[in-house]
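Notes follow once the structure below has been shown.
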Amino acid sequence: QVQLVESGGGLVHPGGSLSLSCAASGIDFSWYDMSWYRQGPGKQRELVALITSERMINYAESLRGRLTISRDNGAETVSLEMNNLKPEDTAVYYCHAAWNALTYWGRGTQVTVSS
């Protein structure tokens, strides 16, 4: 059974930082492109950051400079560090795994940026 389990969300003040983690099981993790998406209130789900199986990295243009995505194939985890958080970053953040036609989603972790 494939599982992607996110952790690390919570409440943070504007300007603060958070580190999200996604633990994968049931897949050959090193083969998969891993990414983080988010869905804010009343908004569509959008891509935040991607790290491919070859460790190529891409960030959403609006978030570039505030994010760092990384992966640990041995631990089968993908992490997302977020800095200088803003209220508009409030969203549910989802972990996503993709390999060929196979895609999987985690259940998400809530990030709330508020004073």
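The values are calculated or read from the model by the stated rules, or taken from the named source; none is laboratory data. Since we're looking at a predicted model, the values are computed, not measured. Note: ideal-geometry Cβ built from the backbone for every residue, glycine included; neighbour counts use all protein chains shown. Protein only, heavy atoms only, side chains kept; ligands, DNA and RNA dropped before computing areas. Shrake-Rupley method; radii C 1.70, N 1.55, O 1.52, S 1.80 Å.
A few comments on the model shown:
- The chain - Rg and Dmax from Cα coordinates, angstrom: 13.4, 42
- Charge tally for Tyr37 (other residues, Cβ to Cβ under 12 Å; Lys, Arg +1; Asp, Glu -1): +1.
- Heavy-atom surface analysis with a 1.4 Å probe gives the chain a carbon and sulfur content of 47 percent of its accessible area.
- Local electrostatic count, Val2, Cβ distance below 12 Å [Lys/Arg +1, Asp/Glu -1]: -2
- Accessible area per residue for the chain is 54 Å², calculated with a 1.4 Å probe on protein heavy atoms, without ligands, DNA or RNA.
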